[in-house]
Amino acid sequence: MDSAPKTIAFFGASNGVGLAALQHSLAAGIQCTALCRTPSKLETIFPADSTPNLRIIQGNAHDIQAVSDCIRADDGNLVDMIITTLGSRPVMPTLRLEDPKCCRKGAATLTEAISQLRNQGAVGKPYIVLFSTTGISRYGRDYPLALFPIYGWLLKEAHTDKEITEQCIMESGEAFTIVRGSLLTNGETEKAVRVGIEDPQTGRESCAIGYFISREDSGRWVAENLIMKKPKEYENKILMITT
């Protein structure tokens with residue numbers, strides 16, 4: 001896919017990075033479908049009468065029927081692109097995740113849904129953009145050394161889930177780009193986004209190490225650089241983004 005997609009399915013777009021990417025996609029006139037456990041969250045932000053290019057489906061990203069409905073375009077075929085920014089909330093004060101397998105289950109359900117729809121006659125090869133996290137590279141540290149206590153201890157459970165999720169997408173046979181953000185903050189900024197690139201097979205091609213990037217900046221970057229255009233240098237690669 002060399003041009004902007006005509007149809008995109010979103011998973012995890014109720015807030016954060018996914019919501020920001022969805023906002024920019026809708027503003028560009030792209031037909032979007034978002035799976036949401038609580039549709040009212042998105043309906044409040046995007047009223048139906050003013051957002052005709054958004055279809056909201058009630059459901060869970062671990063339910064194969066709901067996922068299938070989300071990635072099937074109006075013509076019955078597969079959507080052009082899938083953006084998944086799923087994640088589980090940490091439970092205070094331990095910071096353990098509500099669902100330590102949230103992301104991997106979502107990826108397994110998504111790839112199975114694609115396979116089932118193809119077996120039913122749907123055509124198309126969606127480009128999958130998975131938003132992940134720094135700290136799980138096989139090719140060296142991609143975060144500041146000062147953050148080692150956080151990455152090495154507090155985020156270990158989340159990182160395990162992300163690692164398995166990434167592997168599922170990379171082994172799916174679908175075209176993909178994995179985007180690993182540094183620690184996420186809130187609020188859109190004017191800061192320049194720095195990008196590092198890894199090839200899953202051959203290693204690191206360029207490096208970008210930083211402490212933080214906001215959810216809004218991340219979503220905007222995904223929209224501007226992976227949705228509105230799709231550089232060949234990012235295809236089937238892992239990116240690290242930070243400010």
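The values are calculated or read from the model by the stated rules, or taken from the named source; none is laboratory data. Keep in mind that what you see is a predicted model, and the values were worked out from it rather than measured. All Cβ positions, glycine included, derive from the backbone under ideal geometry; neighbour counts span all protein chains shown. Heads up: the accessible areas ignore ligands, DNA and RNA and are worked out on the full protein's heavy atoms, side chains in. Shrake-Rupley method; radii C 1.70, N 1.55, O 1.52, S 1.80 Å.
Tabulated data for the structure shown
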item: 1.4 Å probe accessible area per residue over the range 7-242, in Å²; result: 46 Å²
item: Heavy atoms of residue 159 accessible to a 1.4 Å probe, total area in Å² rounded to 10; result: 10 Å²
item: Listed residues 21, 66, 146, most fluctuating in the chain (Gaussian network, C-alpha, under 10 Å); result: 146
item: Helix runs (DSSP H) in the chain reaching 15 Å along axis by Cα, Kyte-Doolittle at least 0.5; result: 16-27
item: Simple label model, 7 Å out from Cα along Cβ direction - residue 191 to residue 38, nm; result: 2.9 nm
item: Rounded, prolate or oblate (a/c below 1.5 giving rounded, otherwise prolate when a/b exceeds b/c) for the range 66-162 by Cα gyration tensor; result: prolate
item: The range 69-109 and the range 1-58: distance between their alpha carbon centers, rounded to Å; result: 15 Å
item: Most fluctuating residue given options 167, 201, 23, as computed from a GNM of the chain linking Cα atoms under 10 Å; result: 201
item: Where trypsin sites (Lys or Arg not before Pro) in DSSP loops with at most 14 other Cβ within 10 Å are excluded, longest remaining stretch of the chain; result: 38-137
item: Cα→Cβ-extended label distance, 7 Å offset, between residue 205 and residue 15, nm; result: 3.5 nm
item: Cα shape, the range 19-121, gyration tensor, a/c 1.5 rule; result: oblate
item: Which listed pairs, of 105/230; 101/156; 41/162; 6/125; 162/237; 6/229, have C-alpha distances above 18 Å, in listed order; result: 105/230; 41/162
item: Share of carbon and sulfur in the accessible heavy-atom surface of the chain [1.4 Å probe, %]; result: 51 percent
